[in-house]
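Reading through the C-alpha coordinates given below for one structure.
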Amino acid sequence: MTQHLHTIERFIKDESFSGVLLFVATIAAVMVANSALSESYFELWNMALGVTLGGHTISMNLMHWINDGLMALFFLMVGLEIKRELLIGELSSVKKATFPIVAAIGGMVIPALVYIAFNTTDPKGFGIPMATDIAFALGILMLFGKKVNPALKLFLVALAVVDDLGAVIVVATVYTSEIHAEYFIHAGLVYALIWILNLKKVTMLMPYLLLGIALWIFIHSIGVHATIAGVLLAFAIPISSKVDEQDFIQNTKESVDEFEKHIDNIPILNHHQIDALEDIAYNYDKVQNPLVKLEHQLHGFSAFFIMPLFAFSNAGVILDFSAVSQNFFIVIGVVLGLIVGKPIGIVGFTYLAQKLNIVKKPDDLGWDEVIAVGFLGGIGFTMSIFITQLAFLDQSVIDAVKLGIFFASFIAGVIGVILILKAYSKRNKLI
(Lines give C-alpha, C1' and ligand atoms only; values in the text may rest on other atoms or scores of the structure.)
Protein backbone atom coordinates (compact mmCIF):
# COMPACT_ATOMS: atom_id res chain seq x y z
CA MET A 1 0.00 0.00 0.00
CA THR A 2 2.82 2.44 0.89
CA GLN A 3 4.55 1.83 -2.46
CA HIS A 4 1.31 2.53 -4.33
CA LEU A 5 0.79 5.74 -2.33
CA HIS A 6 4.28 7.03 -3.19
CA THR A 7 3.63 6.36 -6.89
CA ILE A 8 0.26 8.09 -6.71
CA GLU A 9 1.74 11.06 -4.82
CA ARG A 10 4.37 11.63 -7.54
CA PHE A 11 1.68 11.31 -10.20
CA ILE A 12 -0.62 13.76 -8.41
CA LYS A 13 2.09 16.40 -7.93
CA ASP A 14 2.68 16.54 -11.68
CA GLU A 15 -1.03 16.45 -12.45
CA SER A 16 -1.83 19.23 -9.98
CA PHE A 17 0.60 21.67 -11.60
CA SER A 18 -0.72 20.59 -14.99
CA GLY A 19 -4.19 21.55 -13.73
CA VAL A 20 -2.92 25.06 -12.92
CA LEU A 21 -1.41 25.38 -16.41
CA LEU A 22 -4.67 24.19 -17.98
CA PHE A 23 -6.60 26.82 -16.05
CA VAL A 24 -4.17 29.59 -17.06
CA ALA A 25 -4.19 28.45 -20.71
CA THR A 26 -7.99 28.41 -20.75
CA ILE A 27 -8.36 31.89 -19.27
CA ALA A 28 -5.74 33.17 -21.71
CA ALA A 29 -7.57 31.57 -24.67
CA VAL A 30 -10.92 33.12 -23.71
CA MET A 31 -9.32 36.54 -23.16
CA VAL A 32 -7.48 36.48 -26.51
CA ALA A 33 -10.55 35.20 -28.38
CA ASN A 34 -12.55 38.18 -27.07
CA SER A 35 -9.84 40.81 -27.61
CA ALA A 36 -8.48 42.79 -30.56
CA LEU A 37 -6.32 39.74 -31.31
CA SER A 38 -9.37 37.55 -31.89
CA GLU A 39 -9.06 37.39 -35.68
CA SER A 40 -5.36 36.53 -35.54
CA TYR A 41 -6.03 33.89 -32.86
CA PHE A 42 -8.54 32.00 -34.99
CA GLU A 43 -6.50 32.45 -38.18
CA LEU A 44 -3.50 30.86 -36.46
CA TRP A 45 -5.32 27.63 -35.64
CA ASN A 46 -6.89 27.46 -39.12
CA MET A 47 -3.50 27.75 -40.85
CA ALA A 48 -3.01 24.78 -43.19
CA LEU A 49 0.01 22.49 -42.73
CA GLY A 50 0.88 19.43 -44.80
CA VAL A 51 3.34 16.53 -44.53
CA THR A 52 4.33 14.25 -47.42
CA LEU A 53 5.88 10.83 -46.82
CA GLY A 54 6.68 9.07 -50.08
CA GLY A 55 3.50 9.29 -52.12
CA HIS A 56 1.29 9.79 -49.07
CA THR A 57 0.28 13.36 -48.11
CA ILE A 58 -1.53 14.42 -44.94
CA SER A 59 -2.79 17.99 -44.85
CA MET A 60 -4.67 19.52 -41.90
CA ASN A 61 -4.94 22.88 -40.20
CA LEU A 62 -2.86 23.59 -37.09
CA MET A 63 -5.71 22.86 -34.69
CA HIS A 64 -6.25 19.43 -36.24
CA TRP A 65 -2.52 18.68 -35.98
CA ILE A 66 -2.82 19.41 -32.26
CA ASN A 67 -6.08 17.48 -31.81
CA ASP A 68 -5.14 14.49 -33.99
CA GLY A 69 -1.34 14.49 -33.76
CA LEU A 70 -0.20 15.75 -30.37
CA MET A 71 -3.27 14.30 -28.68
CA ALA A 72 -2.25 10.89 -30.06
CA LEU A 73 0.82 11.18 -27.81
CA PHE A 74 -1.46 12.09 -24.91
CA PHE A 75 -3.60 9.02 -25.60
CA LEU A 76 -0.40 6.94 -25.87
CA MET A 77 0.36 7.99 -22.30
CA VAL A 78 -3.24 7.25 -21.29
CA GLY A 79 -2.96 3.80 -22.82
CA LEU A 80 0.29 3.14 -20.95
CA GLU A 81 -1.37 4.16 -17.68
CA ILE A 82 -4.34 1.88 -18.40
CA LYS A 83 -2.07 -1.09 -19.18
CA ARG A 84 0.06 -0.49 -16.07
CA GLU A 85 -2.98 -0.24 -13.82
CA LEU A 86 -4.46 -3.41 -15.32
CA LEU A 87 -1.23 -5.37 -14.87
CA ILE A 88 0.23 -4.15 -11.57
CA GLY A 89 -1.87 -1.27 -10.25
CA GLU A 90 -5.24 -0.54 -8.69
CA LEU A 91 -7.07 -2.51 -11.41
CA SER A 92 -4.81 -5.58 -11.30
CA SER A 93 -7.14 -7.76 -9.24
CA VAL A 94 -10.89 -8.27 -9.18
CA LYS A 95 -11.05 -7.13 -5.54
CA LYS A 96 -9.23 -3.86 -6.25
CA ALA A 97 -10.83 -3.14 -9.60
CA THR A 98 -14.55 -3.80 -9.16
CA PHE A 99 -15.45 -0.73 -7.09
CA PRO A 100 -13.79 1.93 -9.33
CA ILE A 101 -14.88 0.06 -12.48
CA VAL A 102 -18.53 0.08 -11.40
CA ALA A 103 -18.16 3.75 -10.39
CA ALA A 104 -16.68 4.66 -13.76
CA ILE A 105 -19.37 2.77 -15.68
CA GLY A 106 -22.07 4.60 -13.74
CA GLY A 107 -20.21 7.88 -14.30
CA MET A 108 -20.36 7.30 -18.05
CA VAL A 109 -23.77 5.69 -18.54
CA ILE A 110 -25.95 8.09 -16.51
CA PRO A 111 -24.47 11.34 -17.95
CA ALA A 112 -24.94 9.93 -21.45
CA LEU A 113 -28.58 9.05 -20.68
CA VAL A 114 -29.19 12.52 -19.20
CA TYR A 115 -27.88 14.08 -22.41
CA ILE A 116 -29.94 11.75 -24.60
CA ALA A 117 -33.09 12.58 -22.57
CA PHE A 118 -32.78 16.21 -23.73
CA ASN A 119 -31.66 15.36 -27.27
CA THR A 120 -33.62 12.28 -28.30
CA THR A 121 -33.75 13.21 -32.00
CA ASP A 122 -30.00 13.88 -32.34
CA PRO A 123 -28.00 12.32 -29.47
CA LYS A 124 -24.55 12.41 -31.09
CA GLY A 125 -23.12 14.63 -28.32
CA PHE A 126 -23.79 12.00 -25.62
CA GLY A 127 -20.05 11.36 -25.17
CA ILE A 128 -19.34 14.94 -24.03
CA PRO A 129 -20.61 14.65 -20.40
CA MET A 130 -19.10 11.15 -20.07
CA ALA A 131 -15.55 12.54 -19.86
CA THR A 132 -13.54 13.53 -16.75
CA ASP A 133 -10.53 15.87 -16.71
CA ILE A 134 -8.19 14.08 -14.30
CA ALA A 135 -5.62 16.92 -14.23
CA PHE A 136 -8.16 19.44 -12.97
CA ALA A 137 -9.75 17.02 -10.51
CA LEU A 138 -6.39 16.04 -8.99
CA GLY A 139 -5.27 19.66 -9.03
CA ILE A 140 -8.20 20.52 -6.77
CA LEU A 141 -7.32 17.66 -4.41
CA MET A 142 -3.74 18.92 -4.13
CA LEU A 143 -4.94 22.32 -2.95
CA PHE A 144 -6.00 20.68 0.32
CA GLY A 145 -2.87 18.60 0.97
CA LYS A 146 -3.31 16.28 3.95
CA LYS A 147 -6.95 17.23 4.32
CA VAL A 148 -7.68 14.72 1.55
CA ASN A 149 -7.96 11.05 2.50
CA PRO A 150 -5.27 9.05 0.54
CA ALA A 151 -7.91 6.40 -0.21
CA LEU A 152 -9.98 9.10 -1.96
CA LYS A 153 -7.00 9.95 -4.19
CA LEU A 154 -6.46 6.28 -5.09
CA PHE A 155 -10.17 5.88 -5.87
CA LEU A 156 -10.21 8.97 -8.11
CA VAL A 157 -7.10 7.88 -10.04
CA ALA A 158 -8.42 4.33 -10.58
CA LEU A 159 -11.83 5.68 -11.63
CA ALA A 160 -10.18 8.13 -14.04
CA VAL A 161 -8.18 5.33 -15.70
CA VAL A 162 -11.37 3.36 -16.40
CA ASP A 163 -13.09 6.59 -17.49
CA ASP A 164 -10.24 7.22 -19.97
CA LEU A 165 -10.66 3.70 -21.35
CA GLY A 166 -14.37 4.40 -21.84
CA ALA A 167 -13.54 7.64 -23.65
CA VAL A 168 -11.14 5.77 -25.95
CA ILE A 169 -13.84 3.23 -26.83
CA VAL A 170 -16.42 5.96 -27.53
CA VAL A 171 -14.01 7.94 -29.72
CA ALA A 172 -13.03 4.79 -31.64
CA THR A 173 -16.55 3.52 -32.23
CA VAL A 174 -18.76 6.60 -32.42
CA TYR A 175 -16.80 9.67 -33.47
CA THR A 176 -15.30 8.61 -36.76
CA SER A 177 -15.43 10.16 -40.20
CA GLU A 178 -15.97 8.29 -43.47
CA ILE A 179 -14.38 4.83 -43.28
CA HIS A 180 -11.81 3.88 -45.94
CA ALA A 181 -11.63 0.12 -45.45
CA GLU A 182 -8.67 -0.39 -47.81
CA TYR A 183 -6.31 1.03 -45.17
CA PHE A 184 -7.34 -1.57 -42.58
CA ILE A 185 -4.89 -4.06 -44.11
CA HIS A 186 -2.03 -1.55 -43.92
CA ALA A 187 -2.82 -0.69 -40.30
CA GLY A 188 -3.22 -4.37 -39.42
CA LEU A 189 0.16 -5.31 -40.90
CA VAL A 190 1.94 -2.48 -39.07
CA TYR A 191 0.24 -3.40 -35.79
CA ALA A 192 1.19 -7.05 -36.30
CA LEU A 193 4.84 -6.00 -36.72
CA ILE A 194 4.63 -4.03 -33.46
CA TRP A 195 3.33 -7.10 -31.62
CA ILE A 196 6.04 -9.26 -33.19
CA LEU A 197 8.58 -6.91 -31.57
CA ASN A 198 6.77 -7.44 -28.26
CA LEU A 199 6.71 -11.23 -28.61
CA LYS A 200 10.41 -11.24 -29.57
CA LYS A 201 11.04 -9.35 -26.28
CA VAL A 202 12.48 -6.28 -27.99
CA THR A 203 12.77 -3.63 -25.27
CA MET A 204 14.22 -0.74 -27.31
CA LEU A 205 11.51 1.89 -27.64
CA MET A 206 12.60 3.43 -30.95
CA PRO A 207 11.33 0.59 -33.24
CA TYR A 208 7.91 0.74 -31.52
CA LEU A 209 7.71 4.53 -31.92
CA LEU A 210 8.73 4.48 -35.60
CA LEU A 211 6.13 1.83 -36.38
CA GLY A 212 3.69 3.82 -34.23
CA ILE A 213 4.04 6.77 -36.63
CA ALA A 214 3.13 4.49 -39.55
CA LEU A 215 0.19 3.12 -37.53
CA TRP A 216 -1.01 6.69 -36.88
CA ILE A 217 -0.86 7.50 -40.62
CA PHE A 218 -2.91 4.47 -41.63
CA ILE A 219 -5.47 4.85 -38.80
CA HIS A 220 -5.89 8.48 -39.83
CA SER A 221 -6.38 7.32 -43.45
CA ILE A 222 -9.04 4.80 -42.40
CA GLY A 223 -11.16 7.59 -40.92
CA VAL A 224 -11.05 6.36 -37.31
CA HIS A 225 -9.83 9.16 -35.04
CA ALA A 226 -6.03 9.00 -35.18
CA THR A 227 -5.57 9.29 -31.40
CA ILE A 228 -6.64 5.64 -31.19
CA ALA A 229 -3.25 4.75 -32.70
CA GLY A 230 -1.64 5.98 -29.48
CA VAL A 231 -3.74 3.64 -27.35
CA LEU A 232 -3.15 0.65 -29.62
CA LEU A 233 0.60 1.28 -29.55
CA ALA A 234 0.54 1.57 -25.74
CA PHE A 235 -1.03 -1.86 -25.35
CA ALA A 236 1.84 -3.39 -27.35
CA ILE A 237 4.67 -1.75 -25.38
CA PRO A 238 6.30 -4.48 -23.22
CA ILE A 239 6.34 -4.13 -19.45
CA SER A 240 9.13 -6.65 -18.77
CA SER A 241 12.71 -5.39 -18.70
CA LYS A 242 15.69 -7.01 -20.42
CA VAL A 243 17.57 -7.52 -17.12
CA ASP A 244 15.84 -8.46 -13.87
CA GLU A 245 16.49 -6.58 -10.62
CA GLN A 246 18.74 -9.19 -9.01
CA ASP A 247 20.97 -9.45 -12.09
CA PHE A 248 21.17 -5.65 -12.19
CA ILE A 249 22.28 -5.51 -8.56
CA GLN A 250 24.90 -8.21 -9.06
CA ASN A 251 26.24 -6.72 -12.32
CA THR A 252 26.34 -3.22 -10.87
CA LYS A 253 28.22 -4.39 -7.78
CA GLU A 254 30.80 -6.10 -9.99
CA SER A 255 31.19 -2.95 -12.11
CA VAL A 256 31.56 -0.74 -9.02
CA ASP A 257 34.18 -3.13 -7.63
CA GLU A 258 36.02 -3.01 -10.97
CA PHE A 259 35.87 0.80 -10.93
CA GLU A 260 37.23 0.92 -7.36
CA LYS A 261 39.97 -1.62 -8.06
CA HIS A 262 41.48 0.58 -10.77
CA ILE A 263 41.54 3.86 -8.86
CA ASP A 264 44.93 5.55 -9.34
CA ASN A 265 46.58 8.92 -8.70
CA ILE A 266 45.98 10.22 -12.24
CA PRO A 267 43.17 12.88 -12.17
CA ILE A 268 41.30 11.35 -15.12
CA LEU A 269 39.45 8.07 -15.47
CA ASN A 270 41.42 5.20 -16.98
CA HIS A 271 39.96 2.87 -19.61
CA HIS A 272 39.11 0.20 -16.98
CA GLN A 273 36.97 2.69 -15.07
CA ILE A 274 35.34 3.95 -18.27
CA ASP A 275 34.46 0.37 -19.21
CA ALA A 276 32.98 -0.17 -15.72
CA LEU A 277 30.83 2.97 -16.06
CA GLU A 278 29.64 1.89 -19.51
CA ASP A 279 28.64 -1.49 -18.06
CA ILE A 280 26.65 0.28 -15.33
CA ALA A 281 24.98 2.52 -17.94
CA TYR A 282 24.16 -0.52 -20.11
CA ASN A 283 22.57 -2.38 -17.20
CA TYR A 284 20.76 0.78 -16.05
CA ASP A 285 19.11 1.03 -19.46
CA LYS A 286 18.26 -2.69 -19.60
CA VAL A 287 16.73 -2.92 -16.10
CA GLN A 288 14.15 -0.23 -16.85
CA ASN A 289 10.66 -1.40 -17.82
CA PRO A 290 9.94 -0.08 -21.34
CA LEU A 291 6.32 0.76 -20.50
CA VAL A 292 7.16 2.68 -17.33
CA LYS A 293 10.14 4.38 -18.99
CA LEU A 294 8.04 5.64 -21.91
CA GLU A 295 5.19 6.69 -19.60
CA HIS A 296 7.65 8.69 -17.49
CA GLN A 297 9.15 10.35 -20.56
CA LEU A 298 5.73 11.28 -21.96
CA HIS A 299 4.16 12.45 -18.73
CA GLY A 300 5.93 15.78 -18.38
CA PHE A 301 5.64 16.54 -22.09
CA SER A 302 1.93 15.75 -21.99
CA ALA A 303 1.17 17.55 -18.73
CA PHE A 304 3.18 20.69 -19.38
CA PHE A 305 3.01 21.10 -23.15
CA ILE A 306 0.38 19.02 -24.98
CA MET A 307 -2.59 19.61 -22.68
CA PRO A 308 -1.96 23.36 -22.05
CA LEU A 309 -1.49 23.84 -25.83
CA PHE A 310 -4.68 21.87 -26.46
CA ALA A 311 -6.53 24.04 -23.95
CA PHE A 312 -5.17 27.29 -25.42
CA SER A 313 -6.05 26.28 -28.99
CA ASN A 314 -9.48 24.80 -28.23
CA ALA A 315 -10.86 26.81 -25.29
CA GLY A 316 -10.93 30.12 -27.13
CA VAL A 317 -14.62 30.90 -27.44
CA ILE A 318 -16.33 34.20 -28.19
CA LEU A 319 -18.62 35.00 -25.26
CA ASP A 320 -21.85 35.16 -27.23
CA PHE A 321 -24.58 33.70 -25.04
CA SER A 322 -27.13 33.90 -27.83
CA ALA A 323 -25.53 30.69 -29.17
CA VAL A 324 -26.41 29.00 -25.87
CA SER A 325 -30.12 29.88 -26.19
CA GLN A 326 -30.13 28.71 -29.82
CA ASN A 327 -28.67 25.33 -28.78
CA PHE A 328 -30.31 25.18 -25.36
CA PHE A 329 -31.13 21.47 -25.20
CA ILE A 330 -27.63 20.43 -26.31
CA VAL A 331 -26.06 22.72 -23.71
CA ILE A 332 -28.44 21.75 -20.89
CA GLY A 333 -27.85 18.07 -21.69
CA VAL A 334 -24.10 18.59 -21.26
CA VAL A 335 -24.44 20.76 -18.12
CA LEU A 336 -26.86 18.44 -16.30
CA GLY A 337 -24.95 15.38 -17.53
CA LEU A 338 -21.79 16.65 -15.80
CA ILE A 339 -23.30 18.25 -12.68
CA VAL A 340 -26.13 15.76 -12.02
CA GLY A 341 -25.42 12.66 -14.11
CA LYS A 342 -21.83 12.13 -12.99
CA PRO A 343 -22.43 12.06 -9.21
CA ILE A 344 -25.67 10.09 -9.54
CA GLY A 345 -23.96 7.55 -11.79
CA ILE A 346 -20.82 7.15 -9.67
CA VAL A 347 -22.59 7.03 -6.30
CA GLY A 348 -25.75 5.28 -7.46
CA PHE A 349 -24.02 2.43 -9.29
CA THR A 350 -21.54 1.73 -6.48
CA TYR A 351 -24.19 1.93 -3.75
CA LEU A 352 -26.55 -0.39 -5.61
CA ALA A 353 -23.71 -2.80 -6.50
CA GLN A 354 -22.67 -3.00 -2.83
CA LYS A 355 -26.25 -3.65 -1.74
CA LEU A 356 -26.36 -6.51 -4.25
CA ASN A 357 -22.98 -7.80 -2.93
CA ILE A 358 -21.35 -7.27 -6.33
CA VAL A 359 -18.67 -4.92 -4.97
CA LYS A 360 -17.35 -3.84 -1.58
CA LYS A 361 -16.46 -0.24 -0.79
CA PRO A 362 -12.91 0.15 0.62
CA ASP A 363 -13.11 0.39 4.42
CA ASP A 364 -11.01 3.57 4.53
CA LEU A 365 -13.28 5.39 2.05
CA GLY A 366 -16.49 7.00 3.31
CA TRP A 367 -19.66 7.38 1.29
CA ASP A 368 -19.42 11.15 1.74
CA GLU A 369 -16.03 10.95 -0.01
CA VAL A 370 -17.48 8.82 -2.81
CA ILE A 371 -20.08 11.57 -3.33
CA ALA A 372 -17.27 14.18 -3.42
CA VAL A 373 -15.47 12.15 -6.10
CA GLY A 374 -18.77 11.94 -7.98
CA PHE A 375 -18.85 15.72 -8.30
CA LEU A 376 -15.13 15.98 -9.08
CA GLY A 377 -15.83 13.55 -11.91
CA GLY A 378 -18.16 16.21 -13.30
CA ILE A 379 -15.14 18.36 -14.19
CA GLY A 380 -15.13 17.44 -17.88
CA PHE A 381 -13.18 20.41 -19.20
CA THR A 382 -10.42 19.49 -21.72
CA MET A 383 -11.64 15.94 -22.39
CA SER A 384 -15.23 17.15 -22.86
CA ILE A 385 -13.97 19.89 -25.20
CA PHE A 386 -11.99 17.27 -27.13
CA ILE A 387 -15.10 15.14 -27.70
CA THR A 388 -17.16 18.26 -28.54
CA GLN A 389 -14.80 18.95 -31.45
CA LEU A 390 -15.45 15.42 -32.72
CA ALA A 391 -19.21 15.44 -32.19
CA PHE A 392 -20.11 18.72 -33.92
CA LEU A 393 -19.06 20.59 -37.03
CA ASP A 394 -21.10 23.78 -36.55
CA GLN A 395 -18.84 26.31 -34.80
CA SER A 396 -21.76 28.06 -33.10
CA VAL A 397 -22.80 24.76 -31.50
CA ILE A 398 -19.22 24.04 -30.45
CA ASP A 399 -18.89 27.50 -28.85
CA ALA A 400 -22.20 27.10 -26.99
CA VAL A 401 -21.21 23.66 -25.68
CA LYS A 402 -17.81 24.97 -24.55
CA LEU A 403 -19.55 27.63 -22.44
CA GLY A 404 -21.74 24.91 -20.94
CA ILE A 405 -18.66 22.78 -20.17
CA PHE A 406 -16.93 25.73 -18.46
CA PHE A 407 -20.00 26.43 -16.32
CA ALA A 408 -20.66 22.79 -15.40
CA SER A 409 -17.01 22.06 -14.59
CA PHE A 410 -16.84 25.12 -12.32
CA ILE A 411 -20.03 24.21 -10.43
CA ALA A 412 -19.03 20.54 -10.10
CA GLY A 413 -15.59 21.57 -8.80
CA VAL A 414 -17.03 23.97 -6.19
CA ILE A 415 -19.48 21.35 -4.89
CA GLY A 416 -16.70 18.75 -4.82
CA VAL A 417 -14.48 21.08 -2.77
CA ILE A 418 -17.28 21.77 -0.26
CA LEU A 419 -17.91 18.04 0.17
CA ILE A 420 -14.19 17.29 0.62
CA LEU A 421 -13.95 19.91 3.39
CA LYS A 422 -17.07 18.50 5.07
CA ALA A 423 -15.64 14.97 4.88
CA TYR A 424 -12.36 16.20 6.42
CA SER A 425 -14.24 17.94 9.25
CA LYS A 426 -16.25 14.80 9.91
CA ARG A 427 -13.12 12.60 10.04
CA ASN A 428 -11.45 14.97 12.52
CA LYS A 429 -14.45 14.79 14.85
CA LEU A 430 -14.28 10.97 14.79
CA ILE A 431 -10.57 10.92 15.75
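The values are calculated or read from the model by the stated rules, or taken from the named source; none is laboratory data. Because the structure is predicted, anything quoted here is derived from the model rather than measured. Don't worry about glycine lacking a Cβ; one is built from the backbone with ideal geometry, like all the others, and counts go over all protein chains shown. Accessible surface is based on the protein model in full, side chains and every heavy atom, while ligands, DNA and RNA are left aside. Shrake-Rupley method; radii C 1.70, N 1.55, O 1.52, S 1.80 Å.
In straight-distance terms, cross-link reach from K360 covers every one of the lysines whose alpha-carbon lies under 16 Å from its own, apart from those fewer than eight places away in the same chain; here that gives K95, K96.
Residues of region 354-381 falling in the label zone of N428, defined by backbone nitrogen less than 20 Å from a point 7 Å along Cα to beta-carbon, are 365-370, 372-373. Full extension of the chain between S38 and L113 yields a length gain of 23.4 nm, computed as 0.36 nm times the residue separation minus the alpha carbon distance.
According to the Cα-based calculation, Rg over Rh for region 274-331 is 1.46, with Rh computed by the Kirkwood formula. Extension gain for M206 to D244 (0.36 nm times residue separation, less C-alpha to C-alpha distance): 11.6 nm. In the chain, a dipole from Cβ-located charges (positive for Lys and Arg, negative for Asp and Glu) runs towards its positive end, and of I66, W367, A311 it is W367 whose Cα lies farthest in that direction. The alpha carbons of the chain give a radius of gyration and a Dmax of 23.8, 84 Å, in that order. Simple point charges give the picture: +1 on the Cβ of Lys and Arg, -1 on the Cβ of Asp and Glu, and for the chain a dipole about the Cα centre of about 1560 debye. Summed over qualifying helices (DSSP H, 4 residues or more, each -39500 (n - 2.57)) and divided by its residue number, the chain shows a 222 nm mean residue ellipticity of -23000 deg cm²/dmol. Taking amide H atoms as placed 1.01 Å from N in the peptide plane, the amide H of N61 lies under 5 Å from those of L49, each 5 or more residues away in sequence or on another chain.
When each of the peptides 225-234, 346-355, 41-50, 204-213 is scored by the mean number of other C-beta atoms lying within 10 Å of its residues, the order from highest to lowest reads 225-234, 346-355, 204-213, 41-50. Ranked by the mean number of other Cβ atoms within 10 Å of their residues, highest first, the peptides 247-253, 305-311 come out as 305-311, 247-253. Assuming charge only on the beta carbon of Lys and Arg (+1) and of Asp and Glu (-1), the dipole of region 240-301 about its Cα centre is about 240 debye to the nearest 20.
For region 250-352, the alpha carbon convex hull comes to 217 Å³ per residue, rounded to a whole number.
In a reduced charge model with +1 at each Lys and Arg Cβ and -1 at each Asp and Glu Cβ, region 205-338 shows a dipole moment near 860 debye about its Cα centre. Taken as entire DSSP H runs, the helices of the chain that both span 30 Å or more between Cα atoms along their own long axis and average -0.5 or more on the Kyte-Doolittle scale are 2-33, 94-118, 150-173, 395-430. For region 94-192, taking the reciprocal of the average inverse distance between every pair of different Cα atoms yields a Kirkwood hydrodynamic radius of 16.0 Å.
Computed from the alpha carbon atoms alone, the convex hull of region 174-263 holds 112 Å³ per residue. Peptide packing for 152-158, 297-303, 377-383 was compared via the average number of neighbouring C-beta atoms within 10 Å per residue; ordered from the highest value, the list is 377-383, 152-158, 297-303. Heavy-atom surface analysis with a 1.4 Å probe gives the chain a carbon and sulfur content of 68 percent of its accessible area.
Of the residues T120, P150, V162, the one whose Cα sits farthest towards the positive end of the charge dipole of region 83-211 is P150 (charges of +1 on Lys and Arg Cβ, -1 on Asp and Glu Cβ, taken about the Cα centre). Would you mind classifying region 136-215 by shape? Square roots of the alpha carbon gyration tensor eigenvalues, ordered a ≥ b ≥ c; an a/c under 1.5 is rounded, otherwise it is prolate if a/b is larger than b/c and oblate if not. Oblate is the answer for region 136-215, as a/c is 1.5 or above yet b/c matches or exceeds a/b.
Dipole orientation for the chain: of the candidates P100, Q273, G300, P100 has the Cα lying most toward the positive pole (charges on Cβ; Lys, Arg +1; Asp, Glu -1). When the alpha carbon gyration tensor of region 367-431 is reduced to an equivalent ellipsoid, its three semi-axes come out at 34, 9, 6 angstrom, largest first. Per residue, the chain exposes an accessible area of 48 Å² to a 1.4 Å probe, with every protein chain left in place.
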